[in-house]
Every structure is written in C-alpha cells, then in structure tokens.
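Have a look at the structure below, then the notes.
The values are calculated or read from the model by the stated rules, or taken from the named source; none is laboratory data. Remember, predicted model here, so these are calculated numbers, not experimental data. Cβ coordinates were reconstructed from backbone atoms using ideal geometry, including for glycine residues, and neighbour counts include every protein chain displayed.
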C-alpha cells in the first residue's frame, strides 16, 4: 500500500472484477491489460500501481515519463520490469525517445510515422499502435477509418516499426450508442491492419468513464487514471 495512494489496491481489485464481467458480457474472450495512467502525478503513483499488482504505466508527455523513469531507476518496480507506455501526442522531433517505451499508442500522422520508423531502423523495430479517429472530432488526432487500408499499405516497408494494433479515444460523455460505434470502428481498423499482414492484435481503448463498454467491444488495453488515483494534479 502506498501512503500517497492508499486506495489504489482496492480500486484495482474492483476494476479487475468489472473488467472480467465486461469480457464475459462482450464475448470476445480477450485478455485485458490495465494501464495505470500516472500523468501529472509523481513517481509515487507508479510505485502505488506496482504495489497493487499493475505492471503497465502510461504517460502522455515524454519529458514527464523520462523524469519518472530516472527517479525510479533503482526502485523495485523498475527492477521488476515495469512497462512504460507513451499514450499522448508526440512531436516528431521527440521520436528519438521512443526506445524508452514498451509501446507507443499514438501513431497519428505521416510525419510521426516517418520519424518513428527512422528511429526504429537505428535501434530496434518499435512497437506502435495506429491512432484512429472514428468519431471525426477535430480536437482529436488520428486517421479516419476510411484511410486505414492505405496507411496499412504505406506501413509495409517501414521495417523500423512493428504495428501491434489500434488506439482510439471516444468523445467525452458520449451516449452508449456513440461509444459502441467508436469502439467497433477501432476493432474494424485493427482487422484491416491484420489483414494487411501487420501483427495487429491490440485494441487500446477505454478510459475511466467508458472502459467497461470498451472491454465489451474487445479492448485489450484500457488506460485508467482518475478511477485509480483520483483527480489529477495541476
């Protein structure tokens, strides 16, 4: 138990139960990994997540993530092999940091695709998710579903990338019908990538307010922050 986040273990247990029930309702039989989103919280949030049995941590910003990685360099969670996920929009000039992450969720445009591929060619193939914007919201990045087949083809020669699946975000406070349409669209995008020969098995979708519906629709990765740690700091 973390003194800073004493309720995380109980919350994780409850969420795991809700996820299991959602998997059963959805019928996709998928395994689901819970990513603890620790952005704007300190390194102690990562330690609390680890102590509660979580092995995946998500950060939106490169510098914040790298700072926490350095602060926790000798901590049990790092020695135990915690996996760091970069889940936010990335500037192309910061693509060189991608080898520090187990999975990049926001491959959302051509410039970052090219920059990440170049980094991966020099290091190792980078595990990435294609971000799709199913709802068409102007405030969200990502490819439209209609463009995914073309992107899947353009990704074929990108040997610096390993396209593991799709990430999406649903509109905030959307009704259930819209949530399901968005999540079903993401599932369709993953199928397009897989049909094109990419090792696309992951569906990163679902946050604190909609993760149960996302899991019913096949999510394999859910990104949870507020429901674990409470409201974020400034």
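For residue 191, all conditions in the list (1) assigned to a helix (DSSP H, G or I); (2) closer than 22 Å to residue 98 by Cβ; (3) free of Cβ contacts under 8 Å to residues at least 24 places away in the same chain hold save one; what is the number of the exception?
(2)
Going through the stretch 121-148 one residue at a time, which ones are outside any helix (DSSP H, G or I), within 20 Å of residue 199 (Cβ to Cβ) and out of contact with any strand residue (DSSP E or B) (no Cβ under 7 Å at 6 or more places or on another chain)?
123, 124
Looking only at helices (runs of 4 or more DSSP H) that fall completely inside the stretch 1-92, which ones have 1 or more residues that are in contact with a strand residue (DSSP E or B) (Cβ under 9 Å, 6 or more places away or on another chain) and under 17 Å from residue 106 (Cα atoms)?
62-71
Just one of 161, 179, 145 is buried (at least 21 other Cβ atoms within 10 Å of the Cβ), at negative phi and touching a residue at least 40 places away in the same chain (Cβ under 8 Å); which is it?
Numbers: 179 fails: touching a residue at least 40 places away in the same chain (Cβ under 8 Å); 145 fails: buried (at least 21 other Cβ atoms within 10 Å of the Cβ).
Result: 161 is the single residue among 161, 179, 145 that is buried (at least 21 other Cβ atoms within 10 Å of the Cβ), at negative phi and touching a residue at least 40 places away in the same chain (Cβ under 8 Å).
Surrounded by fewer than 21 Cβ atoms within 10 Å (Cβ to Cβ) and assigned to a helix (DSSP H, G or I): does that describe residue 118? Steps first, answer last, please.
Working: surrounded by fewer than 21 Cβ atoms within 10 Å (Cβ to Cβ): yes; assigned to a helix (DSSP H, G or I): yes.
Spelling it out, residue 118 is indeed surrounded by fewer than 21 Cβ atoms within 10 Å (Cβ to Cβ) and assigned to a helix (DSSP H, G or I).
Against the definition (within 29 Å of residue 54 (Cβ to Cβ), outside any loop (DSSP other than H, G, I, E, B) and either out of contact with any helix residue (DSSP H, G or I) (no Cβ under 7 Å at 6 or more places or on another chain) or touching a residue at least 60 places away in the same chain (Cβ under 8 Å) (or both)), how does residue 151 come out, yes or no? Quick ask: steps written out before the conclusion?
Working: within 29 Å of residue 54 (Cβ to Cβ): no; outside any loop (DSSP other than H, G, I, E, B): yes; either out of contact with any helix residue (DSSP H, G or I) (no Cβ under 7 Å at 6 or more places or on another chain) or touching a residue at least 60 places away in the same chain (Cβ under 8 Å) (or both): yes.
Answer is no for this residue.
For the structure I just gave you, tell me whether residue 214 is at pLDDT below 95 and within 30 Å of residue 41 (Cα to Cα).
On the way: at pLDDT below 95: no; within 30 Å of residue 41 (Cα to Cα): yes.
In short, no.
Taking the options 53, 81, name whichever one is on the phi > 0 side of the Ramachandran plot and touching a helix residue (DSSP H, G or I) at 6+ places or on another chain (Cβ under 8 Å).
Numbers: 81 fails: touching a helix residue (DSSP H, G or I) at 6+ places or on another chain (Cβ under 8 Å).
When all the criteria are applied, what remains is 53.
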